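Here is the structure we will look at.
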Amino acid sequence: MPGDSNGVQGSRDGGLTPRRAPTGFRPAIVGVIAVIFLLSLVGLSAPEDGGPSPVGPEQPSDSDLSGGKVRIVLEAGELSIAEDGEGFDVVAMEGFASTTSPGDPLLVHRVYNILVPPEAVGSELSMEVVSQEVQVLEGTYEIGPVGPLAPAPADDEFGGVAWAEYWGLGKTIVDGRNLAVYERDENYPEPFAVLLPYSEMRKWKFARVDFFPLQYNPVSKRLTLVKSCVVEISYRSSPEPLDNTLAADAVMDEVASTLFDNYEDGRPWYPEAEDDRLEARAGAAYDYVIITTSAIVAGSGKLDDFIAHKERLGYSVLVVTESDFLPLTGQAPNNRAEKIRQWLKENYASLGIKYVLLVGDPRPFESGEGDIPMKMCWPRRTATTYRDAPTDYFYADLTGNWDKNGDQIYGQWGSGKDYPVAGGVDFTPEVYVGRIPVYDADYQTLDGILQKIILYELSSSTDWRKSALLPMAFSDSSTDGARLSEQMRDDYLNPGGYFSWRMYQQGTVGSCADSKYDSEEELHGGTAVRDRWAAGDYGIVCWWGHGSPTAASIGYSGCNGGLLFESSQSASLDDAHPSFTYQCSCLNAEPETTNNLAYSILKNGGIGTVSATRVSWYYVNQAYGTFDGSPSNSGLGYEYVNRQVQELAAGDALYQAKGTVYPGTSSETTMNWYVMNLYGDPSVSLKNPPVPPEPKVTPVQKRMGIWQRPR
């Protein structure tokens, strides 16, 4: 589309060279992950220095058992370059996502996940580029900048904060360009391979390397292609072997097989535990944990039925209450959130926990502390606005230190803070977390949600779920949400056989909000979305609009399109055909607001909702073709819905999307990782699980402080 200067467009909007292959290359963790470089390893010659193979470990000699090295090849994908409608040359590469630093040249990158042995000390990893093959491309190019970030609260006409652009710290921006880069006669970025903080996923330990196969000199306007390079990861070994409990843990093994780019080489480094320990662990496995309160256990009339249903599906369920986690000592300040996380840290591996369902009041400590609170994090602590971010990610990442600098201010972004630093916040999950809020002892509403989940998973009528409702508004005059849904349709909704109903702004409000894409129905304010949603059955509802705790809105300041959807309208929806939602808006899941929009939809009309507890952030003028792999709120939506279409459960889809897309280089994009949370059961997917014959029903009993169903 003319005006898209932040990424590659489709041919419908100006005849650009086709961009990357559409569906696989910023991959979901199911299926075949795109590891292009693996295809090039056959016949790869050894380095001239006579060292080890470019891929795999370099074993230390008998006289030096203090560490080792892992080598791996990073390789560029197929490159295409085309002009857009504004005179910029836009690059695209198979297997790579667009770069994300506002004001800097819009290039491509890919994060490689490289296994290291479990004894490697993560905080002491180092990297060296051993060899490289580069080529300066012929001709000159005009590479435009990445657009600024902006929050998406409802504009001042809806009572929100005035809209503003954010470029990042320490940049001098002129005409959208960071002068520190664009006036410098040298290649950007430099270096082209960057070692990121290490990560852990249960027993699996890995390095992350951000590879930039294209470098741009803004003065000479030349592009340099790094066709391939060999990098060497050096590590120091800890004398402590892998804990036997972790060695026996296999919960994320299938994920590991597709997540790690050197999995086949690195898998032998992770020995299995002794057989007797494996049997002992298997006998005590509980893969589904409900963390709630004794009052909710006593007050709910459907919790027993829900547990029986989950066990009938093959899960082993524990219900953990405050008598189990309150006696524990968690990280300072040791409030409820820290105690709950401590219980999970102590038990996730030994019990084989995969799913965690939080049931209770989500209000964080700073807002009065509900009984099962979210954790308040501070990605923009030093800013004057949009500073805090309530999150459940705190309970999913159990190996990272969310208060690395020890100041009891969690989740701060920046050097010397909590992220991105080695040993700090680690966005690779150990467990998948969902939540059912319970406010003011409203057990009747809780029971309705639990019963709805049971009926949804037992339903024999599921064809209607292969459908998507896509209301997409403008966020500002240059940012049309329709670009997101068009890429979703082209990349996976249409290929996956999904029917979609598009609702775009198309001129009624004025030319400032006139999408160049066609839609089935014009998006206008009031009841249009409510009426369309209520009249049809949709497995997925994904929208884009500014937001508040109880509403999403259409348009922007000066181009107000009215109401997209609000909490009270959820009562009109068909709760017998509930939808998964991704709400690309701000504040829709604010936990302090008891009738927040996400919870209202979960109560009636939704089976699982993902939305923001505070403001979320988008890239101004983000283009068609750049949403895959993007850390914007819309990029997360693209990745989440992609995984749902591939029939992953909601928790798997959300946390695998977050775990495989790098949050970027700013506090704003990091904030998206905190604020986008799942209200609903993390184990539910669009495709129902097979249901075995009805077992003999036995009563729930409590044993040793943990509620469990006898075997």
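Quick note: the coordinates plus some simple rules give every number you see, no bench work behind them. Predicted model only: the values in this text are computed from it and were never measured. Don't worry about glycine lacking a Cβ; one is built from the backbone with ideal geometry, like all the others, and counts go over all protein chains shown.
Of note:
- The candidate values are [x] 90, 29, 22; [y] 42, 30, 24; [z] 37, 35, 22; the one derived from this structure for semi-axes √(5λ) of the Cα gyration tensor in Å carries the label [z].
- Integer Hz, Karplus 6.51/-1.76/1.60 couplings in order for region 567-583, x for Gly and Pro: 4, 5, 6, 5, 5, 7, 7, 8, 6, 7, 10, x, 10, 7, 10, 10, 9
- Note on Ala535 and Glu190: with the Förster distance fixed at 51 Å, the Cβ-Cβ geometry gives a FRET efficiency of about 0.40.
- Each DSSP beta bridge with both residues in the chain is either parallel or antiparallel, and the antiparallel ones are about 70%.
- Length-normalised contact order of region 462-680 in % [C-alpha pairs under 8 Å, at least 6 apart]: 19
- Sparsely packed loop sites in region 608-689 (the GluC sites (Glu not before Pro) outside DSSP H, G, I, E and B with at most 15 other Cβ atoms within 10 Å) comprise Glu647.
- Histogram of C-alpha separations across region 462-680, 5 Å bin width, %: 1, 8, 17, 22, 23, 18, 9, 2, 0
- Taking amide hydrogens as placed 1.01 Å from N in the peptide plane, the amide H of Met252 sits under 5 Å from that of no residue at least 5 positions away in sequence or on another chain.
- Left without a cysteine partner by the 4.7 Å Cβ rule in the chain: Cys229, Cys377, Cys542, Cys584, Cys586.
- The phi torsions of region 352-369, fed into the Karplus equation with coefficients 6.51, -1.76 and 1.60 and a -60° offset, translate into couplings of x, 6, 10, 10, 10, 10, 8, 10, x, 6, x, 4, x, 3, 5, 10, x, 6 Hz, rounded to whole numbers, with Gly and Pro shown as x.
- Maximal additional length on extending the Asp514-Ala298 stretch stands at 72.4 nm, based on 0.36 nm per residue less the C-alpha distance.
- FRET efficiency for the Ser461 to Phe499 pair, using the beta carbon distance and R₀ = 22 Å, is estimated at 0.90.
- Residues whose amide H comes within less than 5 Å of that of Gly606, counting only those at least five positions distant or on another chain, are Ser579 (H built at 1.01 Å from N in the peptide plane).
- Values of log10 I(q)/I(0), in the order q = 0.12, 0.21, 0.25 Å⁻¹, for region 425-520 under a Debye, Cα-only, solvent-free model: -0.71, -0.98, -1.13
- Taking every Cα-Cα distance in region 539-635 and sorting them into 10 Å bins from zero, the calculated P(r) comes out as 17, 47, 30, 6 percent.
- Simple rule: put +1 on each Lys or Arg Cβ and -1 on each Asp or Glu Cβ in the chain, find the dipole, and look at Pro682, Gly103, Ser294; the Cα lying farthest toward the positive end is Ser294.
- Measuring nothing but how far apart in sequence close Cα pairs (under 8 Å, 6+ apart) lie, relative to its length, the chain scores a relative contact order of 15 percent.
- When you filter the GluC sites (Glu not before Pro) in region 498-602 for DSSP loop state and at most 13 other Cβ atoms inside 10 Å of their Cβ, you are left with Glu520.
- Per-residue Karplus couplings for region 105-114, computed as 6.51 cos²θ - 1.76 cosθ + 1.60 with θ equal to phi - 60°, are listed in order as x, 7, 10, 9, 7, 8, 9, 8, 9, 10 Hz, Gly and Pro entered as x.
- Amide H to amide H distances under 5 Å link Val130 with Val230, Val231, Glu232, where only residues 5 or more positions off or on other chains count and H is placed in the peptide plane.
- Residue order, fewest to most surrounding Cβ atoms within 10 angstrom, among His109, His546, His577: His577, His109, His546
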